[in-house]
Every structure is written in structure tokens, then in C-alpha cells.
Amino acid sequence: MTKDGRPSRIKDIRLFGFELEDWDGVREAEAFARRLAFWLNSEGFGIGHDPALYIHFDPETPAGEIVAQPPKFTPDDWWFRQVAIGVPDDFPGPDAASRVPQGVVACLKALKPDDTDLIDHAAQIVSEHGSACRFLLKVKETAKELTEVSTTIGTWPEPSLLYVGLTEKATGAYREAPPAELRFYDDGVALAGKVKIVRRGVELESRTSVPARMIADQHGGGLSWQLADFVEAERPVTSAQLRFR
């Protein structure tokens, strides 16, 4: 956390300004924004000291215009930056499925115009691969294998999934175990506090915070996989490792 003003990587993008019942595609738009935030985080992208971006789709602002509020440093709201983007009176309308993601990308570019290419590339990846995108949480390396823990971000009510994959360093062969279903899209961050390689397989120790332990308790105290659970698979599209602080 960087309430003292140090730069932070982005970790959350939230959407506001339209009622959920007005548009059937709002859940997919929310998932797109979350996936984009995670992929950009893995690339070291940030918007300042604020780790979260709140985007308001505002009919009171001229359509297409972007108005960014200045960063704040007060205890209640230092951690998010608010941006309004103007939309027409008929918003969300029939083209919202493309307009909303474009608006998210436009707001990011307005805040960080020097990172336009990075933002476009990340948006293209998460748009193309959607819920199949993996976001790398933890890596454990031994002499023979690389163990990677990653998560997907599902579109509600579909669950997000936590995966463990093994790569044999000598051959590059990749295996993975059946995923664990998560109750919330970022629960994997709490669950993947530490990776332990044991004789019988792979175990995850959650982070030590009280919320993380509560999430682990929902999964029987933690997650584990037997070696027999891992089968050959095609290597998925996976981000670089996420970094949160």
C-alpha cells in the first residue's frame, strides 16, 4: 500500500454509472475490467499511488469526454482514483458490449498516455482469451520442475478457478491438476501465500491475514493436489507474475 504517495501497480478497476438491470452485459464488462487490471499489474503498470481505478459512465458529461479527478491522499480514499467518461442519454444501448470496454481503455490511456501501446496490447489479450486467461500468482522452482499457481477471472455467476501447473525443466513438458473453484475472483491471491512441494504433491499455504485465513477455511484450511492429479495439458495464455502491496 502506498498512501504515502509512492507509485503502486494497479490491481482493480470498478465500473459505475448504470443500473445492473439496465444491461445484460454488465457482468462481462466487470470481468473484462478486472482481467485488464490484473494483466496490466503483471506488466508493472500503475496510475500513481492509487491501486484502484473507479470509472463512472456519466450522461452528464459530454459523450466521449474524460474527466479525471485529482489523486487524493486522505485515509478514506487515497487508494482509488475516480474518472468520469461521458456517455449518450441512451446508454448503455445496443452497442454497450463494445462501448464499455473501449471506455475503460480510453480512461486508462487518458491517465497514462505514454503507456498506450501497453494498454492496447493488454486489452487485446484479455478480450481475445476472456475467461481462459490465467494470471500468475506464485512460482516455486526446484532443480527439476517449475511450479506455477495461477487464477482465472470468471464472469459471474461462473466461478473463477485456481490452477497449479508443473513444467519439467529438462523437456518443457507441462502438466496441470484440476482447478479449485473460488467464491470470489481474487480469493486466489489470499490462498496462494506460499507454495510447498511435498512428497505427495503440492500444497498451498494461505497468507497470514485474518481475511486470508477465513478464505482458506472455506477450502478446508488450504488447498493441495496429489502428484497423480497432474496430467499433460496445453500451456495456457498466462500473464507475468502479479505483484500486490
* **Apportionment of accessible area to carbon and sulfur, segment 151-245, percent (1.4 Å)** => 50
* Asked: Averaged per residue, what accessible area in Å² does segment 29-126 show with a 1.4 Å probe, protein chains only?
  -> 43
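May I ask you to derive the FRET efficiency for Phe73 and Ser209 from their Cβ-Cβ distance with R0 = 25 Å, giving the value to the nearest 0.05? Numbers along the way, then the final one.
Working: r = 24 Å, r/R0 = 0.96.
Efficiency, rounded to the nearest 0.05: 0.55.
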* Setting aside same-chain residues fewer than 8 positions from Lys109, which lysines have a Cα under 30 Å from its Cα? -> Lys3, Lys11, Lys72, Lys138
* Asked: Residue-wise, which Karplus ³J(HN,Hα) couplings in Hz belong to segment 90-101, taking 6.51 cos²θ - 1.76 cosθ + 1.60, θ = phi - 60°, and x for glycine or proline?
  -> 8, 4, x, x, x, 9, 4, 4, 9, 5, 5, x
* To do: Only one of the values [x] 27, 24, 18; [y] 29, 28, 14; [z] 35, 19, 17 was calculated from this structure for semi-axes √(5λ) of the Cα gyration tensor in Å; name its label.
  => [z]
* Compute the length gained on full extension between Ala233 and Arg175: take 0.36 nm times their separation in residues and subtract their Cα-Cα distance, giving the result in nm to one decimal. => 20.3 nm
* **Surface share of carbon and sulfur [accessible, 1.4 angstrom probe, percent] for segment 81-149** => 48
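Enumerate by residue number the chymotrypsin sites (Phe, Trp or Tyr not before Pro) in segment 1-101 meeting two conditions: DSSP loop (anything except H, G, I, E, B), and at most 15 other Cβ atoms within 10 Å of the site's Cβ.
Sparse-neighbourhood loop chymotrypsin sites (Phe, Trp or Tyr not before Pro): Phe73.
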* To do: May I ask which residue of Val198, Pro159, Gly17 lies farthest towards the positive end of the charge dipole of the chain, with charges of +1 (Lys, Arg) and -1 (Asp, Glu) on Cβ and the Cα centre as origin?
  => Val198
* Exactly which GluC sites (Glu not before Pro) in segment 167-239 are in a DSSP loop and have at most 13 other Cβ atoms within 10 Å? -> Glu234
* For segment 1-143, what are the per-bin percents of Cα-Cα distances with bins 5 Å wide, up to the bin holding the maximum? -> 2, 10, 19, 21, 20, 14, 8, 3, 1, 1, 0, 0, 0
* Would you mind classifying segment 21-84 by shape? Square roots of the alpha carbon gyration tensor eigenvalues, ordered a ≥ b ≥ c; an a/c under 1.5 is rounded, otherwise it is prolate if a/b is larger than b/c and oblate if not. => oblate
* To do: Can you tell me how much longer the chain between Arg199 and Lys140 gets when fully stretched, taken as 0.36 nm per residue apart minus their C-alpha distance, in nm with one decimal?
  => 19.8 nm
* Assuming R0 = 41 Å, can you tell me the calculated FRET efficiency for the pair Phe16 and Asp114, based on Cβ-Cβ distance, to the nearest 0.05? => 0.95
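The values are calculated or read from the model by the stated rules, or taken from the named source; none is laboratory data. All values reported here derive from a predicted model rather than from experimental measurement. All Cβ positions, even for glycine, are placed from backbone atoms using ideal geometry, and neighbour counts span all protein chains on display. Side chains included, ligands, DNA and RNA excluded: accessible areas come from the protein's heavy atoms. Shrake-Rupley method; radii C 1.70, N 1.55, O 1.52, S 1.80 Å.
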